[in-house]
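Contents: one structure, followed by commentary.
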Amino acid sequence: PWDIYVANSLVHMYAACALPDLARRLFDEIPRPNLVSWNALLDGYAKCHDLLSARCVFDRMPQRDVVSWSAMIDGCVKCGEHREALALFEMMETTGAGNGVRANDITMVSVLGACAHLGDLGRGRQMHRYLQERGFLLNLRLATSLVDMYAKCGAISEALEVFRAVPVTSTDVLIWNAVIGGLAVHGLTMESVQIFQEMQHSGVVPDEITYLGLLSACVHGGLVGEAWRLFRSLEAQGLRPHVEHYACLVDVLGRAGRLEEAYGVVKSMPMEPNVSVLGALLNACHLHGWVELGEVVGRQLVQLQPDHDGRYIGLSNIYAIARRWQEAKKARKVMEERGVKKIPGFSEIDVGGRLHRFIAHDKAHSGSREIYALLNLITVEMKMKDDVVIPEYFCTYR
């Protein structure tokens with residue numbers, strides 16, 4: 001006869017070792033699997049990013065507890081299905097509440113992560129209120145998730161407010177990284193450096209992610225000297241620079257026009273440069289007109305990512321600035337011959353709880369006429385020396 005505790009432990013072991021097929025085989029041999037058995041199998045599929053199998057298990061479960069819901073929500077977040085994660089949370093609130101299921105810290109960390117990735121500030125604020133109204137103790141993990149969410153959504157003042165509410169003695173490197181990275185993303189270079197100085201005074205030891213955020217801030221702020229200082233400090237502390245650190249250093253040097261120095265950094269790397277490093281160097285070559293190096297780098301990028309449309313276009317643009325029109329045309333022709341399609345870029349904005357997507361020169365949106373009218377008016381205003389009062393009806397979304 002099966003010992004259910006031993007069986008559940010084995011299912012959990014296989015799931016934790018990323019062996020969901022073995023976990024499933026053992027699960028199917030349990031005569032009467034209990035809730036722990038189902039949760040172990042569900043969590044295994046979710047952690048292995050097999051969302052389809054996880055959802056099948058989830059839908060078949062005879063009963064669900066907060067562990068079941070949290071595992072499914074977290075699986076959606078880790079697979080990039082952030083809207084589905086929020087939909088599941090809403091479902092848990094409506095259907096699970098009747099069965100005594102209430103969200104816990106683990107659930108809310110995943111939900112806040114989904115809001116952060118979507119840039120959904122309205123929903124993020126709603127989740128913050130939810131935590132307060134349900135009496136959640138704002139532990140360090142939840143505080144870090146809130147800081148990360150607010151920072152990624154552009155609400156820097158709210159991110160700092162949550163951060164400042166945490167006693168310095170209770171902080172760890174993760175919450176400092178969330179603040180520094182959030183400031184860096186929004187171009188607040190000096191503020192991120194200032195926070196780093198506070199971090200050093202607090203006694204919290206920075207890690208590789210800390211320095212990556214700081215180097216990213218230097219890229220946005222064009223601080224070449226500070227970037228070099230931080231890079232050397234990273235090495236001096238016994239931390240190993242990763243390829244991402246090199247990419248930031250190359251980027252900040254390239255943007256500043258110090259191409260030979262940037263190229264020297266690439267050649268000195270202890271590892272092979274990846275597409276981020278080479279892409280930063282190519283952009284610098286395009287920006288400052290170093291065609292010879294740009295051609296070499298552009299060809300390398302095409303070899304590394306032959307299915308990426310941007311690599312062919314980047315090489316074509318290098319030829320174009322040198323007025324080598326035939327070669328520019330040939331680069332795009334090779335892209336077409338290999339069946340690589342140019343994927344148009346798009347942006348999204350949430351208005352009134354509804355997501356709106358825009359593509360360059362797109363006129364499919366129902367409000368296109370008003371949007372373009374307003375854009376034209378703004379363009380005229382920017383070109384005029386005197387102030388222009390924009391009529392209120394132009395600024396109203398319809």
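Find the residue count for region 267-279, including only residues that are surrounded by 21 or more Cβ atoms within 10 Å (Cβ to Cβ) and either polar (S, T, N, Q) or part of a helix (DSSP H, G or I) (or both).
3
Is at least one residue of region 224-234 closer than 21 Å to I106 by Cβ and either buried (at least 19 other Cβ atoms within 10 Å of the Cβ) or of a type outside the set (V, I, T) (or both)? Looking through region 224-234, none of the residues is closer than 21 Å to I106 by Cβ and either buried (at least 19 other Cβ atoms within 10 Å of the Cβ) or of a type outside the set (V, I, T) (or both). Looking across D65, D43, D59, one residue alone is free of Cβ contacts under 8 Å to residues at least 60 places away in the same chain, acidic (D, E) and buried (at least 19 other Cβ atoms within 10 Å of the Cβ). It is D43. Within region 226-237, at least one residue is among the small types (G, A, S) and touching a residue at least 24 places away in the same chain (Cβ under 8 Å).
Matching residues to (1) surrounded by 14 or more Cβ atoms within 10 Å (Cβ to Cβ); (2) at pLDDT below 95:
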position: G135; (1), (2): no, yes
position: T144; (1), (2): yes, no
position: C153; (1), (2): yes, yes
position: D172; (1), (2): no, no
position: G187; (1), (2): no, yes
position: I195; (1), (2): yes, no
position: L212; (1), (2): yes, no
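Which of the residues spanning region 35-60 are outside any helix (DSSP H, G or I) and modelled with pLDDT of 95 or more? Correct list: empty. Take the conditions basic (K, R), modelled with pLDDT of 90 or more and within 28 Å of the chain's Cα centre (by Cα) and apply them to R324. Does it pass? So R324 fails the test.
Matching residues to (1) at pLDDT 75 or above; (2) among the β-branched types (V, I, T); (3) open to solvent by 70 Å² or more (accessible area, probe 1.4 Å); (4) over 30 Å from P306 (Cα atoms):
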{"position": "R338", "(1), (2), (3), (4)": "yes, no, yes, no"}
{"position": "Y372", "(1), (2), (3), (4)": "yes, no, yes, yes"}
{"position": "L375", "(1), (2), (3), (4)": "yes, no, yes, yes"}
{"position": "V388", "(1), (2), (3), (4)": "no, yes, no, yes"}
{"position": "P391", "(1), (2), (3), (4)": "no, no, no, yes"}
{"position": "C395", "(1), (2), (3), (4)": "no, no, yes, yes"}
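Would a scan of region 241-252 turn up a residue that is on the phi < 0 side of the Ramachandran plot and more than 22 Å from the chain's Cα centre (by Cα)? No; the residues of region 241-252 include none that is on the phi < 0 side of the Ramachandran plot and more than 22 Å from the chain's Cα centre (by Cα).
Condition check ((1) over 27 Å from S216 (Cβ atoms); (2) out of contact with any Phe, Trp or Tyr (no Cβ under 9 Å at 6 or more places or on another chain); (3) open to solvent by 30 Å² or more (accessible area, probe 1.4 Å)) across all residues:
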| position | (1), (2), (3) |
| --- | --- |
| G257 | no, yes, yes |
| L281 | no, no, no |
| L287 | no, yes, yes |
| Q300 | no, yes, yes |
| S316 | yes, yes, no |
| Y319 | yes, no, no |
| M335 | yes, no, no |
| V351 | yes, no, yes |
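Scanning region 118-131 for residues that are at pLDDT 95 or above and either in contact with a Phe, Trp or Tyr (Cβ under 9 Å, 6 or more places away or on another chain) or not basic (K, R) (or both) gives G124, R125, Q126, M127, H128, Y130, L131.
For residues in region 200-210 being part of a helix (DSSP H, G or I) and open to solvent by 60 Å² or more (accessible area, probe 1.4 Å), which is nearest to G119 (Cα to Cα)? Among residues in region 200-210 that are part of a helix (DSSP H, G or I) and open to solvent by 60 Å² or more (accessible area, probe 1.4 Å), the one nearest to G119 (Cα to Cα) is I209.
The values are calculated or read from the model by the stated rules, or taken from the named source; none is laboratory data. Note that the structure is predicted; figures quoted are calculated from it, not measured. Note: ideal-geometry Cβ built from the backbone for every residue, glycine included; neighbour counts use all protein chains shown. Surface areas here come from the heavy atoms of the whole protein model, side chains and all, with no ligands, DNA or RNA. Shrake-Rupley method; radii C 1.70, N 1.55, O 1.52, S 1.80 Å.
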